[in-house]
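This report concerns only the one structure given below.
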Amino acid sequence: MSIKTITLSHGSGKGNKELLEEVIFPAFYPNSPGILEDAFIFDIPGRRFAFTTDSFVVTPLEFPGGDIGKLAACGTINDLAMMAAQPVMLSVSLILEEGLDASFLTKMLKSLQAVCVSNNTKIACGDTKVVEKGNADGMFINTSGIGIVKVGVSLSVANAKIGDVVILSGGIGLHGITILAQRKNLGFASSAVSDCCSLFGVTNALLSAVPNTRAMRDATRGGLAAILYEIAEASKTTIKIFEEAIPVPDVVRGACSFLGLDPLHIANEGRFVAIVPNEEKEKALAALRAHPDGKEACIIGYVTQKEKFPVLLKTIVGGVRPVELPPGELLPRIC
Amino acid sequence: MCLAVPAKIISINGTNAKVDIMGNISFADISLLSDINIGDYVMVHAGFAIQKYDIAEAEETLKLISELLKVSGEK
Amino acid sequence: MNLLNFSDSNTASQIINKINIIAKKIETAHIMEVCGTHTMEIGRLGIRSILPSNIDLISGPGCPVCVTSASYIDSAIELSENKNHIIVTFGDMIRVPGTNNSLDNARAKGADIRVVVSPLNAISIAKENPDKEIIFLAVGFETTAPATARAIQLAKNDKIKNLSFFVSHKLVPPALLALINDPMLKISAFLLPGHVSAIIGESPYIKVVKSGYPCVITGFEPIDILSGIMLTCEMIANKKFALINGYSRIVKPNGNQIALKTVYDVFDICDSVWRGIGIIPQSGLKIKKQYEELDAAKRFSVLEKLDQKMPEKCLCGEVLKGRIKPNKCPSFSKSCTPQHPLGPCMVSSEGSCAAYFKYGC
């Protein structure tokens with residue numbers, strides 16, 4: 001095992017993949033964890049369920065477009081939605097830092113609750129711990145969720161087939177830039193607003209129109225690059241995307257050039273990719289664009305035979321280059 | 001090296017300018033340049049404006065390139 | 001008033017067509033891009049995949065982080081281990097390995113190392129932490145040296161006692177001259193760094209051009225890079241050599257005189273060790289005597305050892321000199337990857353090997 005100390009790089013992207021593969025999976029699954037989906041599907045005779053978990057450690061706790069409460073509910077509901085599961089219930093575990101303002105805590109919890117209410121999701125159980133000052137950045141939240149999988153739909157990242165189209169639900173990078181702008185050391189303020197939202201409605205609309213959708217994945221930390229990479233690897237294909245087709249809001253483009261970052265690597269919290277059979281693409285786009293959370297849906301590429309690189313990008317000058325997983329920690333460059 | 005971005009000057013306070021980079025606001029020290037006005041575009045690197053962006057020259061460059069492209073490959 | 005578009009894909013196709021036409025008149029052209037940011041952009045745009053096969057782009061020593069000596073990084077790590085010190089650095093330096101370790105690992109073990117985007121941030125941090133010693137890692141080429149110089153002037157003016165600058169700025173033209181003196185190098189032309197040139201202007205490159213090398217000062221937008229390649233190929237085909245300023249919207253013939261004055265008010269030129277290359281005379285900057293109270297090297301008795309120790313099995317030196325392509329190094333992508341780099345070329349965001357690894361160029 002080559003990892004000796006946990007560093008910030010292990011929190012996402014390439015570093016996180018390394019941590020999972022070298023430390024966590026070997027501890028839990030001596031053989032292999034199998035295909036990694038957004039939620040685990042299990043059957044109780046007659047019903048299929050989805051079960052997932054996620055932890056939220058965002059700083060600052062409040063930001064334009066959302067807060068940790070909204071994030072904690074949307075994050076887990078979205079993971080269920082990506083597996084075609086209607087969210088039914090969440091557990092909420094809170095780790096609170098000593099000194100946290102109680103009315104602020106209430107505000108965060110109400111945010112979380114509001115997302116659950118609009119998704120008919122019950123907060124079924126929970127836990128609370130308090131840690132000493134300095135040990136929790138205000139608060140950390142873990143949510144686990146259970147959902148009921150839509151009948152007649154079976155999604156998996158392994159299902160992508162050659163010839164399928166890759167649809168992106170909207171412009172990328174807004175959440176990540178919103179958060180980065182809050183960091184004092186980066187010295188910029190932004191008009192960017194987080195795209196944090198729950199995606200069950202829009203994904204359900206897609207699945208109702210195109211039940212033979214192959215896979216969906218929401219882009220979170222690691223950006224668009226990470227999920228395309230995961231889909232390609234799991235389905236043993238190569239995904240080809242077109243730079244000109246990928247919607248990047250100007251404010252994200254500007255912030256990325258200022259910091260020296262790649263929009264494909266920037267976090268999202270309300271965007272997803274759907275892999276659909278080519279013959280269904282018009283129906284899929286129509287269904288997505290009819291929904292307020294899918295207005296900007298567009299085709300960004302297609303699935304092809306497996307080549308050396310999992311994800312290839314055709315650039316605006318017509319060149320072709322591989323898309324890599326982002327580094328675990330996005331560092332601003334001056335060079 | 002090195003990364004620098006074109007930024008629009010939106011206000012000036014002594015040697016400190018507020019700049020806009022496509023909807024992102026930052027600050028740039030303008031003491032390495034002279035005659036900077038609100039509305040100018042400057043290249044910002046490491047928190048400093050290092051040169052003014054000359055729009056007229058930019059137009060010239062594009063014009064020159066398009067003329068070079070019109071010239072046939074034979075010489 | 002809006003910025004003009006230097007990313008138009010139509011114009012890009014036309015330039016590429018023209019490059020293909022010109023290339024038929026050339027046997028082989030080895031064009032060195034002397035700028036890590038160019039290396040990254042060329043990779044990011046996939047330009048090598050659309051150039052004719054007889055046009056070869058070589059990555060030169062244009063990555064200031066790559067060429068910062070291992071002993072500088074070792075010293076920075078050592079300084080970070082003092083609980084009373086705060087190290088302030090650009091993000092580029094965090095993952096670069098020194099002899100055995102990196103600032104990233106030092107930070108994980110508890111060192112106070114902060115990433116900033118400007119040396120001015122070091123001044124704010126010093127003011128906010130009067131009980132600590134703040135040390136700014138001042139690396140970069142002529143684009144960045146004026147920023148450091150100005151920050152040093154401001155710090156002296158404000159009589160800030162708890163701040164110092166650990167300087168390892170390097171100069172590009174001496175490196176170019178050292179390169180063209182290397183008989184093993186086969187370079188036909190140079191794409192010159194646009195933002196370094198914004199500071200130094202055109203004249204420092206005259207010696208290189210007069211030695212017979214076509215040079216184009218090149219910007220960083222897609223059209224800039226493609227037209228830079230087109231113009232160098234044109235000169236190579238016509239067996240002409242000259243200096244063309246392809247980035248005139250930013251680069252003036254005299255550069256930025258105020259910035260240069262600031263640099264030479266604060267710094268003297270000195271010899272400098274370029275990692276993987278060796279000592280290049282008169283290619284570095286050191287703080288002048290009148291600003292020595294802000295010189296971390298003096299304050300902490302840190303001498304950047306003029307050695308060129310590279311991590312074992314690392315051929316970064318050969319890559320930086322353009323002698324081999326990154327994928328010809330036996331360690332490339334095997335024992336040396338961006339997650340576990342042997343040398344700085346793999347870890348720096350602009351490192352030639354990192355760009356090759358990421359974009360497969």
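The values are calculated or read from the model by the stated rules, or taken from the named source; none is laboratory data. Quick caveat: nothing in here was measured; it's all calculated off a predicted structure. Heads up, the Cβs are rebuilt from the backbone with ideal geometry, glycines too, and the neighbour counts pull from every protein chain shown.
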The one condition in (1) at the interface with chain C (Cβ under 8 Å from one of its Cβ atoms); (2) of a type in the set (A, V, I, L, M); (3) at negative phi that residue B:46 fails to fulfil: (3)
Check on residue C:74, surrounded by fewer than 21 Cβ atoms within 10 Å (Cβ to Cβ), more than 13 Å from every other protein chain (Cβ to nearest Cβ), under 21 Å from the mean Cα position of the chain (by Cα) and within 19 Å of residue C:328 (Cα to Cα): no
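Among what's in the range C:126-155 and is among the charged types (D, E, K, R) and within 14 Å of chain B (Cβ to nearest Cβ), pick the residue that is surrounded by the fewest Cβ atoms within 10 Å (Cβ to Cβ).
That would be C:150.
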Strands (runs of 3 or more DSSP E) within the range B:1-62 that include 1 or more residues farther than 16 Å from residue A:254 by Cα: B:5-13, B:16-21, B:24-29, B:48-52
Hey, residue A:186 crowded, with 17+ Cβ neighbours inside 10 Å, over 24 Å from residue A:213 (Cβ atoms) and under 17 Å from the mean Cα position of the chain (by Cα) or not: no
Residues (β-branched (Val, Ile, Thr) and in contact with a Gly (Cβ under 6 Å, 6 or more places away or on another chain)) located in the range A:282-335: A:315, A:320
Flag if residue C:112 is more than 14 Å from chain B (Cβ to nearest Cβ), over 23 Å from residue C:340 (Cβ atoms) and modelled with pLDDT under 95: no
Residue under evaluation residue B:12, criteria (1) of a type in the set (A, V, I, L, M); (2) buried (at least 19 other Cβ atoms within 10 Å of the Cβ); (3) in contact (Cβ under 8 Å) with a residue 12 or more places away in the chain, criterion not met: (2)
Only listed residue being within 14 Å of another protein chain (Cβ to nearest Cβ), at pLDDT 95 or above and under 19 Å from the mean Cα position of the chain (by Cα), chosen from A:166, A:248: A:248
Output for the range A:45-73, where each listed residue is farther than 24 Å from residue A:107 by Cβ and buried (at least 19 other Cβ atoms within 10 Å of the Cβ): A:50, A:52
Residue among A:269, A:233, A:279 that is away from chain C (no Cβ under 14 Å) and surrounded by 24 or more Cβ atoms within 10 Å (Cβ to Cβ): A:269
Count of residues meeting criterion [out of contact with any helix residue (DSSP H, G or I) (no Cβ under 8 Å at 6 or more places or on another chain), at pLDDT 80 or above and farther than 18 Å from residue C:342 by Cα] in the range C:283-322: 6
Any hit, the range C:181-198, residues being within 12 Å of chain B (Cβ to nearest Cβ), surrounded by fewer than 24 Cβ atoms within 10 Å (Cβ to Cβ) and in a loop (DSSP other than H, G, I, E, B): no
Qualifying positions in the range A:189-222 - within 14 Å of chain B (Cβ to nearest Cβ) and either crowded, with 23+ Cβ neighbours inside 10 Å or of a type in the set (Asp, Glu) (or both): A:190, A:192
Test: residue in the range C:38-54 that is among the charged types (D, E, K, R) and in a strand (DSSP E or B): no
Criterion (at pLDDT 95 or above and either more than 30 Å from residue A:315 (Cα to Cα) or surrounded by fewer than 15 Cβ atoms within 10 Å (Cβ to Cβ) (or both)) met by exactly one of C:247, C:205: C:205
Listing of strands (runs of 3 or more DSSP E) fully contained in the range A:128-209 that carry 2 or more residues being within 19 Å of residue A:290 (Cα to Cα): A:165-168
Some residue of the range C:236-252 being aromatic (Phe, Trp, Tyr), within 30 Å of residue C:29 (Cβ to Cβ), within 14 Å of chain B (Cβ to nearest Cβ) and outside any loop (DSSP other than H, G, I, E, B): no
Failed criterion for residue B:58 (all others in (1) at the interface with chain C (Cβ under 10 Å from one of its Cβ atoms); (2) in contact with a helix residue (DSSP H, G or I) (Cβ under 8 Å, 6 or more places away or on another chain); (3) under 25 Å from residue C:8 (Cα atoms); (4) of a type in the set (Gly, Ala, Ser) hold): (2)
Selection from the range A:222-281 of residues that are among the aliphatic types (A, V, I, L, M) and either outside the structural domain of residue A:300 (by TED's automatic domain parsing) or in a loop (DSSP other than H, G, I, E, B) (or both): A:246, A:248, A:261, A:266, A:267
Residue that is more than 14 Å from every other protein chain (Cβ to nearest Cβ) and touching a helix residue (DSSP H, G or I) at 6+ places or on another chain (Cβ under 7 Å), where the choices are A:26, A:45, A:33: A:33
Hits in the range C:83-99 - residues which are within 24 Å of residue C:36 (Cα to Cα) and either part of a helix (DSSP H, G or I) or out of contact with any strand residue (DSSP E or B) (no Cβ under 8 Å at 6 or more places or on another chain) (or both): C:91, C:92, C:93, C:95, C:96, C:97, C:98, C:99
